[in-house]
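> Just passing along the structure, written as structure tokens.
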Amino acid sequence: MPLTVENRRAESAYHVFDSLCTLTAVLQLDGSVLFANAALENALGLSRRMLEGCDFAEHFADPSLLHKAMDGARVQDYAALRFEASLRRQAKEAIPMQVIVSIAEGSGHVLLEMSPLEQQVRQDREERLLEQTQAHKELIRNLAHEIKNPLGGIRGAAQLLEMDLDNPEMREYTQVIVHEADRLQSLVDRLLAPHRHPHLVGDVNIHEVCERVRSLVLVEYPQGLSVRRDYDTSIPEFRGDRAQLIQAVLNIVQNAAQALAGRIARGDACITLRTRVARQVTFGKQRYRLALELHVIDNGPGVPETIRDRIFYPLVSGRDGGSGLGLTLAQTFVQRHDGLIECDSQPGCTDFRILIPLP
């Protein structure tokens with residue numbers, strides 16, 4: 001259907017959708033395209049002008065799905081409708097999509113929003129991770145407080161008992177009790193550490209953070225490990241807690257270095273610190289115009305598949321003797337900056353990605 005002058009005016013009002021990463025189209029009630037945003041142009045490999053006026057249902061592998069949705073829109077059978085469909089592209093494989101059809105109130109137009117199912121799964125995983133992290137923090141904090149009080153009593157009783165014992169062999173047993181009580185106290189202190197640290201906000205240069213971490217790790221591993229820089233130096237400073245971010249990145253890098261023990265012994269271990277700017281990204285249920293992406297990439301054996309979905313949980317470790325707190329604390333400190341840590345791992349390449357909103 002040719003676009004009228006009135007529709008042309010309406011079309012210009014929809015250019016705000018060009019700032020979205022979500023594939024978005026505005027349809028007339030007959031299913032023809034009034035407007036397609038830049039993300040949809042890129043996905044289909046077709047220009048906006050080529051899409052305007054065409055029946056958008058023909059871009060689905062099963063056009064009847066959109067036809068039925070438009071039938072409901074014409075009689076205002078719903079406010080919003082969701083369904084899954086495959087979007088056909090020029091000379092490329094179709095993409096499975098989650099499609100949302102809603103009626104633009106007062107305009108007589110229909111809004112079509114499409115997100116790749118993979119992206120939807122990622123967003124669901126992020127939301128689940130945030131909820132689980134918050135629940136685990138509360139559980140661990142309460143548990144640590146419950147352990148701490150009787151632990152002090154056990155230690156004190158062992159010391160008093162030791163003072164009344166004349167047999168050196170018996171004193172060895174009380175020393176074991178004191179030593180183990182101290183070890184548990186140290187663990188409890190680490191569990192409570194994120195809740196005790198004040199959030200001291202100032203201007204943060206992420207590359208100063210990376211350089212500080214790099215120098216600390218290379219002092220600990222002077223041979224067999226290279227820490228490469230791949231920085232985007234245009235990234236602006238942002239407001240944050242420098243000490244907490246250093247600790248978060250250091251925990252991830254140290255975790256990577258420990259996983260690289262075999263390669264360090266052979267002399268070919270490598271960790272890469274990569275910084276980039278992400279645009280129009282959604283994480284933690286929020287959409288941000290700009291965000292910092294800090295990647296910590298190593299060439300180690302990868303995260304064991306058995307714990308891959310639980311690596312940020314407290315006390316979960318893939319290493320013998322590991323406390324399982326390093327990544328938990330890192331996630332906590334990054335979340336204090338409204339950010340998130342994600343992990344993508346396979347043998348030979350493990351990538352921890354820190355996302356933090358930028359001004």
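> Within the range 266-289, which residues are modelled with pLDDT of 90 or more and of a type in the set (A, V, I, L, M)?
269, 271, 273, 277
> Sticking with this structure for a sec: Conditions first: (1) at pLDDT 70 or above; (2) exposed (fewer than 13 other Cβ atoms within 10 Å of the Cβ); (3) among the basic types (Lys, Arg). Residue 155 passes all but one, so which condition is the exception?
Status for residue 155: all satisfied but (2).
> Give me the pairs, please: first residue somewhere in the range 6-31 and closer than 26 Å to residue 75 by Cα and not assigned by TED's automatic domain parsing to the domain that holds residue 286, second residue anywhere and among the basic types (Lys, Arg) and modelled with pLDDT of 80 or more, beta-carbon distance under 7 Å, and either six or more positions apart or on two chains.
Taking only residues 6 or more apart or on different chains, the pairs are 29/74.
> Filter the range 145-172 down to residues that are of a type in the set (S, T, N, Q), part of a helix (DSSP H, G or I) and over 15 Å from residue 185 (Cα atoms), then give me how many there are.
So the count comes out to 1.
> Give 211, 237 a once-over and let me know the one that is among the acidic types (Asp, Glu), surrounded by 13 or more Cβ atoms within 10 Å (Cβ to Cβ) and modelled with pLDDT of 95 or more.
211
> Now for a different question. How about the range 40-99: which of its residues are assigned to a strand (DSSP E or B) and either of a type in the set (Ser, Thr, Tyr) or outside the structural domain of residue 111 (by TED's automatic domain parsing) (or both)? I'd like the intermediate steps shown before the answer.
Filtering the range 40-99 down to residues assigned to a strand (DSSP E or B) leaves 55, 60, 80-89, 92-99.
Hit for the range 40-99 is 86, nothing else.
> Does the range 58-78 include one or more residues that are farther than 20 Å from residue 16 by Cα, in contact with a Ser or Thr (Cβ under 7 Å, 6 or more places away or on another chain) and aliphatic (A, V, I, L, M)?
yes
> Would you check if residue 149 is in the same structural domain as residue 186 (by TED's automatic domain parsing), under 22 Å from residue 335 (Cβ atoms), modelled with pLDDT under 80 and surrounded by fewer than 15 Cβ atoms within 10 Å (Cβ to Cβ)?
Criteria not met by residue 149.
> Return yes or no: is residue 244 assigned by TED's automatic domain parsing to the domain that holds residue 271, of a type in the set (S, T, N, Q) and either modelled with pLDDT of 95 or more or farther than 28 Å from residue 293 by Cβ (or both)? It would help to see each step written out before you state the result.
Values: assigned by TED's automatic domain parsing to the domain that holds residue 271: yes; of a type in the set (S, T, N, Q): yes; either modelled with pLDDT of 95 or more or farther than 28 Å from residue 293 by Cβ (or both): no.
Considered against the rule, which asks whether it is assigned by TED's automatic domain parsing to the domain that holds residue 271, of a type in the set (S, T, N, Q) and either modelled with pLDDT of 95 or more or farther than 28 Å from residue 293 by Cβ (or both), residue 244 comes out as no.
> Another question, if that's okay. Based on what the data block shows, is residue 265 surrounded by fewer than 14 Cβ atoms within 10 Å (Cβ to Cβ), aliphatic (A, V, I, L, M) and not assigned by TED's automatic domain parsing to the domain that holds residue 21?
Taking the combined requirement at face value, the residue satisfies it.
> While we're looking at this one, here's another question. Out of 291, 248, 243, which single residue is of a type outside the set (S, T, N, Q) and under 30 Å from residue 116 (Cα atoms)?
Just a single option satisfies the conditions, and that option is 291.
The values are calculated or read from the model by the stated rules, or taken from the named source; none is laboratory data. This structure is a prediction, so every number in the text was calculated from the model and none was measured. Positions of Cβ are generated from backbone atoms using ideal geometry, with glycine treated the same way; all protein chains shown enter the neighbour counts.
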